[in-house]
Amino acid sequence: MNKTHHLPDFLGPCPGISPIPAFSDNYIWLISKDGQALVVDPGQAAPVLQALKEQELTLTSILLTHHHADHVGGVAELVEQTGAKVWGPAGEVLPVCDTPLSEGDTFEDAQLQLKLSVFDIPGHTAGHIAFYGTFGSTPILFCGDTLFAAGCGRLFEGTPAQMDESLAKLANLPANSRVYCGHEYTLSNMRWACTVEPNNPALQHWQAHASEQRSLGQPSLPSSIELELACNPFLRARQPLVAQAAANWAQRELTSPVEVFAALREWKNNFR
């Protein structure tokens, strides 16, 4: 295939990592191997306890990306029921946290064959963190509510400049990294992304794939860094066509990538 028309690959799920649906559109990510398990951002305890029972797993660790209730609401009950240890952002108030983490720290679990580095990615919340590393030999990213498939989190506690910088950190990760975010927002994000870049073939290709996945009752996730770079307007704020679309929507000249990002975020906030 001509390289200029290359469409990103869909990497599919990684064996040993599965989503536990919670609330209306949250995912609690479950990593398991040889009877041991870890969960990321358990907003509810009941679905996690059910999954542990059904799969005969012992929960040993809980990782948290930020303090919002839909990501931490089940932590205290899970700790009480299982005795699992909790790792989470050092800069945020959490219901339970045995080991506070910030950029430069690592989490490692030899039994799970899991090694993750911590990144500070403020924007959605002030102390939001991400976990990036390998599960076996597969590169994986748990990014909470900072990066979504074809979108990004709202700026509840941070600035456009902070979020733009945080997303740039994630965009620099290897292209084949699987992206595990906290919500099933993909199709609604894509409807907006298609108004920003209506002639983006990679986005159209991905939208068709994600629509098929959802019609089958399957998650649209994980995404990949390659897909996000090709399709996500928030990671493409420096692309001339995206910048022009943002300026047209804002009806003013946008003089920096951060201004473009801020206009895109406002556009998405108001998109219906």
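None of the figures in this text is laboratory data; all of them are computed from the coordinates on show. Everything quoted here is computed from the prediction, not taken from an experiment. Reconstructed Cβ throughout: ideal geometry from the backbone, glycine too, with neighbour counts over all protein chains shown.
General remarks:
- Gyration tensor verdict on the stretch 144-247 (Cα atoms; rounded if a/c is under 1.5, prolate if a/b is larger than b/c, oblate otherwise): oblate
- Among VAL40, ALA84, THR186 the positive-end extreme of the charge dipole of the chain (Cβ point charges): THR186
- Each DSSP beta bridge with both residues in the chain is either parallel or antiparallel, and the antiparallel ones are about 70%.
- Relative contact order [Cα under 8 Å, 6+ residues apart], the stretch 3-269, whole percent: 15
- Cα-derived Rg over Rh, computed across the chain with Rh taken as Kirkwood radius: 0.97
- Within the stretch 95-202, trypsin sites (Lys or Arg not before Pro) in DSSP loop having at most 16 other beta-carbon neighbours inside 10 Å: ARG154
- Options GLY133, GLY73, LEU57, ranked by Cα towards positive dipole end of the chain, top entry (Cβ charges): GLY133
- For the stretch 130-193: rounded, prolate or oblate by the Cα gyration tensor [a/c cutoff 1.5]: oblate
- Net charge dipole size for the stretch 3-269 [Lys, Arg +1 and Asp, Glu -1 on Cβ; Debye, nearest 20]: 680
- Tensor-based shape of the stretch 65-148 (alpha-carbon gyration tensor, a/c under 1.5 rounded, otherwise prolate or oblate): oblate
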